[in-house]
1. Say the dipole of segment B:78-305 comes from +1 at the beta carbon of Lys and Arg and -1 at that of Asp and Glu; which of B:LEU184, B:SER249, B:VAL236 then lies farthest toward its positive end?
2. Order these by the 10 Å Cβ neighbour count, fewest first: B:TYR79, A:TYR46.
3. How big is the C-alpha Rg of segment A:35-181 next to the rule-of-thumb value 2.2 N^0.38 Å, as a ratio?
4. If a helix is a whole DSSP H run, which ones in chain B reach 18 Å or further along their own axis (Cα) and hold a mean Kyte-Doolittle hydropathy of at least 0.0?
5. Looking only at trypsin sites (Lys or Arg not before Pro) in DSSP loops with at most 10 other Cβ atoms within 10 Å, what is the longest site-free stretch of chain B?
6. Dimensions of chain A along principal axes (Cα, Å, largest first)?
7. Rounded to the nearest 500, what is the 222 nm mean residue ellipticity of chain A from helices alone, with -39500 (n - 2.57) per DSSP H run of 4+ residues and division by all residues?
8. Looking at chain B as a GNM with Cα springs under 10 Å, which of B:MET30, B:MET145, B:MET238 has the largest mean-square fluctuation?
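All of the numbers you see were taken from the coordinates with simple rules; none came from a lab. On a predicted model such as this, the values are computed, not experimentally measured, just so you know. When we count neighbours, we look across all protein chains shown, and the Cβ atoms used for this are built from the backbone with ideal geometry, even at glycine.
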Amino acid sequence: MNSEMFIESDLNRTNKRTQALYRTLFIIMTLLLILPVVIILGTLVYKGGGIISIDFLFTDPINGMTEGGIFPALVGTLWLVSVALLISVPLGVAAAIYLSEYAADNWFTRIINLAIINLAGVPSIVHALFGVGAFVIFFGFGTSILAASLTLAIMTLPVVIVSTRESLQSVPYAFREACWNMGATRWQTIRRVVLPNAVSGILTGIILEVSRTAGETAPIMFTGAAFFLPYLPQGVFDQTMALSLHLFVVATQVPNVPDALPYGVALVLIGLVLLMNSISIAFRMHLRGKKKW
Amino acid sequence: MTTQSNQLASFDQRDKEWYIDKAIQIIVFMSGISAILFVVGIFAFVTMEGFGFLLKDFSISEFLLSPWWEPTDEDEPTYGILALVAGTASVTGLAMLVAVPFSLGAAIYIGEFASGKKREYLKILIELLAAIPSVVWGFIGLTIMNPLIIAVFDVPVGLNVLNAGIILGLMAAPIMTSIAEDALKAVPDRYREAAEALGATRWQVIYKTVLPAAKNGLLGAVLLGVGRGFGETMAVLMATGHAINIPGSVFDPVRALTATIAAELGETAVGSTHYEALFTIGIFLFLITFIINLTADLIVRGIRKQ
């Protein structure tokens with residue numbers, strides 16, 4: 001037996017070197033994608049971190065929005081997100097149930113799927129125009145939380161539909177068959193077997209939608225969010241301030257704003273969005289660990 | 001005759017549950033088609049509001065070919081979107097130049113090289129980056145990129161094509177990375193195993209086997225990124241400089257289609273020609289993104305069929 005067999009040939013060596021070279025190249029590309037954003041976020045924390053306090057979160061803006069806190073904007077975002085969820089969650093979950101449990105694999109389902117993709121791809125400012133044309137003017141809601149939330153709900157509907165459909169489809173088909181064999185109707189099967197097994201996955205998607213809805217600016221600019229309001233909204237037909245629009249306003253529209261203020265607003269907005277996303281991700285990983293099938 | 005129908009009736013097992021089942025079926029079906037209704041509704045309402053303009057002041061050659069967007073000119077308002085299209089296209093083009101290589105590279109690393117925990121963490125990080133709201137990106141362009149560009153390139157103003165292009169690129173990259181990684185994941189493992197069995201190194205496997213097989217999915221990812229860039233509003237509103245201009249270099253300020261609507265809609269009277277012209281831009285944007293999304297979908301479907 002000659003031991004030469006196990007010695008690296010020149011070809012092996014070159015291959016290995018090329019391999020290592022490409023690996024390093026792609027690591028660098030990945031880092032170049034991530035690092036700038038991390039540095040930018042670090043800068044935001046550095047410049048805006050100082051202004052954030054309990055007072056900043058829970059007091060009203062004063063002196064033409066150059067001082068004070070962001071309380072009305074926080075409350076407004078809460079209103080907008082809640083009302084939007086009340087609309088989009090039932091609608092989106094029902095649509096996902098249809099697509100996952102009822103729809104046949106045919107041209108009609110394909111059109112629905114295409115519509116969902118397109119709904120997600122329509123520019124946010126076009127959603128805003130739709131909101132103005134349909135809800136503010138045609139249905140006569142005026143610029144109000146209702147009009148803004150409807151616009152947001154339709155815009156983020158694909159998020160709910162897609163994530164719910166995925167978690168419904170991850171429930172094994174055998175579960176359904178077992179239930180049907182007991183004589184259960186389709187809906188009984190869905191309600192007693194499919195939904196309970198998918199509910200955590202659906203929740204994950206909903207949290208993700210909260211994050212998307214809270215960050216949107218363009219769709220609410222002309223449908224219900226105001227630059228500044230001296231009072232909190234009392235109902236869905238009132239206008240409201242919103243965190244995302246407030247950032248735009250203090251960053252571009254208001255003169256003599258102290259440097260730290262817009263950074264603080266940006267930080268709160270990012271914090272809110274990333275927190276929601278982290279909860280959603282943690283939830284998803286927890287689920288994956290628990291799954292028995 | 002009556003006995004027969006009585007007999008039939010006893011076979012009829014439609015109880016309360018049966019009717020509930022039918023009712024639910026109708027409800028979920030209605031919800032399912034709501035997505036179609038909304039897309040049609042968006043087109044219908046935006047067109048309806050812009051229709052007056054299309055009927056009277058609209059001239060397709062002026063709209064598409066004139067670089068003068070001067071809706072507030074008192075003597076002779078002009079409604080040309082050429083400069084705005086140039087603004088959107090230049091910013092989106094630069095963004096893709098920045099984002100495409102890096103997101104494909106990152107997707108290849110995450111999907112093909114990284115493994116275990118490292119891969120998991122990178123995917124989570126990319127997902128979090130994709131969640132940063134566009135108004136925050138605009139703010140970053142305004143406050144961090146702006147002075148940086150002024151300092152590095154020694155130019156008087158840092159709000160320009162370069163700024164918005166980089167911002168939009170950073171913004172689109174995480175989304176493109178995760179779609180591209182999905183496309184790589186969709187390539188069956190037996191392709192890789194077959195190539196490895198022939199003695200190919202990891203890079204040879206990727207270059208000769210995985211990338212050709214995932215070609216359509218990757219193209220779809222890029223197209224979705226383009227659609228994203230085209231429709232982005234707040235970031236380009238804040239970072240481009242918002243000056244109507246056909247850019248000669250990356251240091252020229254421009255103005256985007258989306259940003260024009262966002263900046264001007266609040267100042268126009270409902271039903272005025274200017275207002276209707278903004279909705280006409282909306283129709284234009286809707287149609288362009290519709291075509292981009294449709295093409296991306298067809299390309300991605302193409303590979304699934306094979």
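1. B:LEU184
2. Neighbour counts put them in this order, fewest first: A:TYR46, B:TYR79.
3. Ratio of Cα Rg to 2.2 N^0.38 Å: 1.44.
4. Helices meeting the span and hydropathy rule in chain B are B:16-55, B:82-108, B:116-130, B:161-185, B:211-231, B:273-305.
5. Details: sites that count: B:ARG14, B:LYS56.
Segment B:57-306 is the longest.
6. 90, 61, 34 Å, listed from the longest principal axis down.
7. After summing the helix terms and dividing by the residues of chain A, the value is -22000 deg cm²/dmol.
8. Looking only at B:MET30, B:MET145, B:MET238, the biggest GNM fluctuation is shown by B:MET30.
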